[in-house]
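Right, one structure below, let's go through it.
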Amino acid sequence: MLSCFINNQKVDFEIDSGSHVSTICQSDAARARVVISPTKHRVRGYSGNAINLCGEAYVNVTYGHKMLKHKFLIVNSSNVNLLGRDLCQKMDIKLGLPDVMQHSDKVNNVNVSKYDDVRNRILSEFKTYLRDEFQSDVKHTVSLNVMSDAKPIFARARLVPLHLQSKVKEELDRLIASGKISKVYSSD
């Protein structure tokens, strides 16, 4: 979560690195006296469902010492406010916690010590499975039963945070080399 000022009103946003647009719900837009215009935009959520838009608005956004005018899509009040990649980039908001920044108490209003606590708890709880020497004892071939009339849909892959990309690549290369998984270049 991150707080910004919209037309001088404090508004909380959920950072969504998977979204290329930023949204604000109708109730927060009304509280910030945002003038809503009709929109021709059509957007879908991660699951592929259409998101009903109430309009769009260009508003003054302030975060830290930066202030700019930005277009928000207005969603109904049952949706959360999202800070997408578009605004994060303009405001120079980092979407990951690079190792060199983990020594400060806060990065972009994210409490790093809470991040470290969760990370350390996961590493401790699952240390057996995270060791390089770990060998799964699963002996069965995995298969998925799919209904004969099911139609596959395309869902774009979620982005891996930049600071984890090299580790993920290393792990995938290790799993390929060990024969646990195989690489495919296209899907039928």
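The values are calculated or read from the model by the stated rules, or taken from the named source; none is laboratory data. Bear in mind that the values here come from a model prediction, so they are computed numbers and not experimental data. Cβ sites come from the backbone with ideal geometry, for glycine too, and all protein chains shown count toward neighbours. In case anyone asks, the SASA skips ligands and DNA or RNA and just uses the protein heavy atoms, side chains included. Shrake-Rupley method; radii C 1.70, N 1.55, O 1.52, S 1.80 Å.
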Just checking, how many residues over segment 123-138 are within 18 Å of Ile176 (Cβ to Cβ) and in contact with a helix residue (DSSP H, G or I) (Cβ under 7 Å, 6 or more places away or on another chain)?
1
Within segment 63-90, take every residue that is open to solvent by 60 Å² or more (accessible area, probe 1.4 Å) and of a type in the set (D, E, K, R) and give me the one that is modelled with the highest pLDDT.
Lys69
